[in-house]
Every structure is written in structure tokens, then in C-alpha cells.
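Novice: Here it is: the structure, laid out below.
The values are calculated or read from the model by the stated rules, or taken from the named source; none is laboratory data. Given the structure is predicted, the values throughout are model-derived calculations rather than measurements. Virtual Cβ from ideal backbone geometry, glycine too; neighbours counted across all protein chains shown.
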Amino acid sequence: MADRLELQRIAAAFRMVGWGAFWSQLTLALVSGGVLAFNSIGSELVNNRDKAIGLGPGLSLTTLALLVLAWGVWQDWGLVRLSRVLGSGSSSIPSKAETRAQVKRHLLASLAGLTLAAIGYQALSGSLTFQASIQQPGLTGTSIGNNAITSLEMFSVMANTQALTGHLIGLWVSLWLLQRLARR
């Protein structure tokens, strides 16, 4: 293992980025979950919710990305716990391979979530682009036969963007920690 000073520096790095990732990803997950819940509740109240053409796959992928983001938040908490163990100076500190394996799990969670969110984003934006292309120009959303894009549908894109951003933060944190471990 590395000398005591280097181990303290690594523990401080894990603690700093672990807490930063934890709070930023938790906030983004709560915002995304809240927006998806609002979208779900709001769409039940809208009379013409059948006009939302094909949002189902995008919303399903966004929900999956949100669940993976929740698992990523759990992995962030694991990084904070790992920093405590590394900084404690006890004889039971994890090996470099165990530490790297935990960071790699964090990286894989971020990559999986980023993939789901990106595909979900494509599905949502494709559906809304198609819906916009068949809109009747110059008419309001109250007109008969109009497929105007509603704010609830735009909330779907916002929820996906929040989940995507959360996974991007997790990806950067994981890559930075792996780089930091490689220097040691």
C-alpha cells in the first residue's frame, strides 16, 4: 500500500468527490423523480393525453435511467464510506484492487445510466419532433385535431436531462478517481 501521507490524500480525494457526487446526483435524482411523478399525475388530469404520440418508450428508459441513478447515489455513499476506512489508518483498509473495483462499479453504473438516458432522450425528442411536424400551424392547443406539444411533454425531456446530467457527473467522478488511483 502507499505511504501514510499518500493514503490520507487519497482518502481526502475520495471524501471530497464522494460527497460532491452524492449531493449533486441525489439532487438531480430527486428533481428528475419529481418531474416524472408530476408528469405522471399531470397526464392523468389532461383530457387529451392520447395526443402524446409515442412518449412511452422514452419515459420508460428515463425511469430506468433514474433507477440506475439511484443506484449510483448508493455507490457515491460507498465512496464516502471508503474514504472513511482509508483515512482511519486501521489495519483493515481495502487493497488497491478492492478500491479500484468499487470505483469501477461506480463507473459502470454511470455508463449504464448514461446509455439508458441517452437512448431515452432520443426516443423523447424523436417523438416530440414527429408530433411538432404534424401540428397545424397557427392554431392554439385548444383547436380540434391539433397535436400541440404540451408542457407536460416538455417536462418529460427535462426529467431525462436531469438524469443524464446526474450520470455524466458520476462518469466524471469515476474517471477522476481512477486516474487518481493510477498515480498512486
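Novice: Looking at 14, 38, which one is at pLDDT below 90, of a type outside the set (Ser, Thr, Tyr) and buried (at least 21 other Cβ atoms within 10 Å of the Cβ)?
Specialist: Details: 38 fails: buried (at least 21 other Cβ atoms within 10 Å of the Cβ).
Criteria check complete, one pass: 14.
Novice: Related question: Condition test on residue 101, is it in a helix (DSSP H, G or I), modelled with pLDDT of 90 or more and more than 19 Å from residue 18 (Cα to Cα)? Before you say what the answer is, go through the steps one by one.
Specialist: Values: in a helix (DSSP H, G or I): yes; modelled with pLDDT of 90 or more: yes; more than 19 Å from residue 18 (Cα to Cα): no.
Taking the combined requirement at face value, the residue does not satisfy it.
To keep it simple, each residue is scored yes or no on (1) modelled with pLDDT under 90; (2) buried (at least 18 other Cβ atoms within 10 Å of the Cβ); (3) more than 26 Å from residue 39 (Cβ to Cβ); (4) touching a Phe, Trp or Tyr at 6+ places or on another chain (Cβ under 7 Å).
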site	(1), (2), (3), (4)
112	no, no, no, no
123	yes, yes, no, no
130	yes, no, no, no
138	yes, no, yes, no
146	yes, no, no, no
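Novice: Moving on. Mind checking which residues of the stretch 100-125 are hydrophobic (A, V, I, L, M, F, W, C) and over 19 Å from residue 62 (Cβ atoms)? Break it down into steps so the answer makes sense when it comes.
Specialist: The initial filter retains those residues of the stretch 100-125 that are hydrophobic (A, V, I, L, M, F, W, C), namely 101, 103, 107-109, 111-112, 114, 116-119, 123-124.
Selection gives 101, 103, 107, 108.
Novice: Has the stretch 149-162 got any residue that is at positive phi, modelled with pLDDT under 75 and either assigned to a loop (DSSP other than H, G, I, E, B) or among the hydroxyl-bearing types (Ser, Thr, Tyr) (or both)?
Specialist: No, that holds for no residue.
Novice: Could you list all residues from the stretch 12-28 that are under 17 Å from residue 162 (Cβ atoms) and not small (Gly, Ala, Ser)?
Specialist: 22, 23, 25, 26, 27, 28
Novice: Shifting gears a bit: Are any of the residues in the stretch 83-92 buried (at least 17 other Cβ atoms within 10 Å of the Cβ), at pLDDT 85 or above and closer than 18 Å to residue 26 by Cβ?
Specialist: There is at least one residue in the stretch 83-92 that is buried (at least 17 other Cβ atoms within 10 Å of the Cβ), at pLDDT 85 or above and closer than 18 Å to residue 26 by Cβ.
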